[in-house]
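Working notes for the structure below.
The values are calculated or read from the model by the stated rules, or taken from the named source; none is laboratory data. Owing to the predicted nature of the structure, the values given are computational and were not obtained by experimental measurement. Cβ atoms come from the backbone with ideal geometry, glycine included; neighbour counts cover every protein chain shown.
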Amino acid sequence: MKSLICMALGGVVAITSAQASQPQAVPHTVAVQAVAALPMATGSAATFTGTVHISTPFQAAPPGRAGGATVTFEAQARTAWHTHPLGQTLIVTAGLGLVQQEGQPAQLIHPGDVVTIPANVRHWHGAGPAGSMTHIAVAEKLDGNAVTWRSKVTDQEYQAVLTGTGLALAVPGAMPAGAVERTVKGPRAGANARSVSDTLSAKQLAIPLIASFMAIGDMARLNAALNQGLDSGMSVSEAKEILVQLYAYTGFPKSLNALGELLKVVEARKQRGIHDAPGLEPSRAVAVGSELLAIGKANQTEISGGPVQGPVFDFAPVINQYLQSHLFGDIFGRDNLDWQSRELATLGALAAVPGVEAQLRSHVRAGMRVGLSAAQLRQMAQSFSNYGIDEAASRVNDALTQVLAATSKG
């Protein structure tokens, strides 16, 4: 266990005294180690806080000195403070993470980021507050030593980092002083009744991220966002429902690709021993014919704040028929995902795409009608910034500013 952890963070491989006393033969052929044959371990409580999984350990053949492993930190898990005599390199492969050098502000790290840690610099790294983070760690040892462990990162230190990076509100159940909690009723008795606050839950925060990465076709970050959503309590059914709904906004190809990625995520989590809640199917069959059109029209009117009409619909009335019967009837009529979640998904997809600002403003208004607050929408925009999708954040903030200005004018 200890040798595996050392490999993960310092590139150390345990060498028995018998091996050390004999010259090592240098291999001259390319070797492939099958992942199924490689050991896995859990990070020691002495050097980690929270749940940490260590896998795919590796060590360069002599004269090479580099070694390491793949390390997965569950939500809020992190290393202790530590140093490396020859430095360390981290390559983030999934999730949102944090790295902090002593005396410096913490930095957010995202999939694809490469973190270079100089020799003998005291630091720590780990996952964000709402989902797991995985990185590959590579380092070399000097005179038989690759890592020197220091004190553990306290909960107070970690919370201070979350506040400083704007991630504090992503912690489930974290409601700042003065936050307002209220109950919002949906159009169907009980189907969309829910208690909400002026902050989004961790599960709600994952929804627009999933939608945005799906819309731009970023499979690596979609994978991380899906893991974040499932880690925060999203059921498999809810995740599927989000990706199915979004075909109406992003097209069938992206919806199918995203569903394929979700399948990979669920299967990979099962391999890690994580069995996510399957969730619920709709409680009733979808209506058909005139009944479906009537339900869809009622849902559209409720969400839009009035009958939907205008020159485009006069010019091509069939598009509104499709909106009413299919989008607001077939899709929004399914009661296994509440309307707030559906609007968060729609907002995430539209925010990621340039040129649909008018539709984004329309859905900002719709989101507020189904119970999302301006503070929650600002929080969603901040989440986009935290994940490096600044254009989406800017579009949401601009749309919200315009909607609020128009509302204040009556």
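Being surrounded by fewer than 23 Cβ atoms within 10 Å (Cβ to Cβ) and in contact with a Lys or Arg (Cβ under 6 Å, 6 or more places away or on another chain) is the filter here; which residues of region 218-244 pass it?
Across region 218-244, the qualifying residues are S232, G233.
Among helices (runs of 4 or more DSSP H) lying entirely in region 295-366, which contain 3 or more residues that are buried (at least 17 other Cβ atoms within 10 Å of the Cβ)?
339-351
Being over 20 Å from Q228 (Cα atoms) and either out of contact with any Pro (no Cβ under 8 Å at 6 or more places or on another chain) or outside any loop (DSSP other than H, G, I, E, B) (or both), is that true of even one residue in region 273-281? Steps first, answer last, please.
Of region 273-281, the ones over 20 Å from Q228 (Cα atoms) are 281.
Now restrict to residues that are either out of contact with any Pro (no Cβ under 8 Å at 6 or more places or on another chain) or outside any loop (DSSP other than H, G, I, E, B) (or both): 281.
Yes - at least one qualifying residue is present in region 273-281.
Being under 17 Å from the mean Cα position of the chain (by Cα) and closer than 19 Å to Y387 by Cα: is that true of L226 here?
Values: under 17 Å from the mean Cα position of the chain (by Cα): yes; closer than 19 Å to Y387 by Cα: yes.
So L226 fits the description; yes.
So, V396, is that one modelled with pLDDT under 95 and in the same structural domain as E238 (by TED's automatic domain parsing) or not? Break it down into steps so the answer makes sense when it comes.
Working: modelled with pLDDT under 95: no; in the same structural domain as E238 (by TED's automatic domain parsing): yes.
Answer is no for this residue.
Here is a list of conditions, (1) modelled with pLDDT of 85 or more; (2) more than 19 Å from E140 (Cβ to Cβ); (3) not acidic (D, E), and P23 meets all of them except one; can you say which number that is?
(1)
Could you identify the single residue in L293, L259 that is over 20 Å from the mean Cα position of the chain (by Cα) and without any contact (Cβ under 8 Å) to a residue 60 or more places away in the chain? Spell out how you get there, then give the answer.
Values: L259 fails: over 20 Å from the mean Cα position of the chain (by Cα).
It is L293.
Only one of (1) more than 20 Å from E343 (Cβ to Cβ); (2) at pLDDT 90 or above; (3) touching a helix residue (DSSP H, G or I) at 6+ places or on another chain (Cβ under 8 Å); (4) of a type in the set (A, V, I, L, M) is not met by A268, so which one is it?
Going through the list (1) more than 20 Å from E343 (Cβ to Cβ); (2) at pLDDT 90 or above; (3) touching a helix residue (DSSP H, G or I) at 6+ places or on another chain (Cβ under 8 Å); (4) of a type in the set (A, V, I, L, M), A268 breaks only (3).
Between a residue in region 211-230 that is more than 14 Å from V266 (Cβ to Cβ) and at pLDDT 95 or above and any residue that is part of a helix (DSSP H, G or I) and among the acidic types (D, E), which pairs come within a Cβ distance under 9 Å, given they are 6 or more apart or on different chains?
Filtered contacts from region 211-230: M214/E261.
For region 44-134, give me every one of the strands (runs of 3 or more DSSP E) that falls completely inside it and has 1 or more residues that are surrounded by 16 or more Cβ atoms within 10 Å (Cβ to Cβ), over 26 Å from the mean Cα position of the chain (by Cα) and polar (S, T, N, Q). First the steps, then the outcome.
Numbers: elements: 52-59, 66-73, 88-94, 97-101, 107-109, 114-117, 123-127.
Because the criterion is at least 1 residues that are surrounded by 16 or more Cβ atoms within 10 Å (Cβ to Cβ), over 26 Å from the mean Cα position of the chain (by Cα) and polar (S, T, N, Q), the strands (runs of 3 or more DSSP E) in region 44-134 that meet it are 52-59.
Tell me yes or no: at least one residue of region 376-387 is over 18 Å from L167 (Cβ atoms) and in the same structural domain as F252 (by TED's automatic domain parsing).
The initial filter retains those residues of region 376-387 that are over 18 Å from L167 (Cβ atoms), namely none.
No: zero hits.
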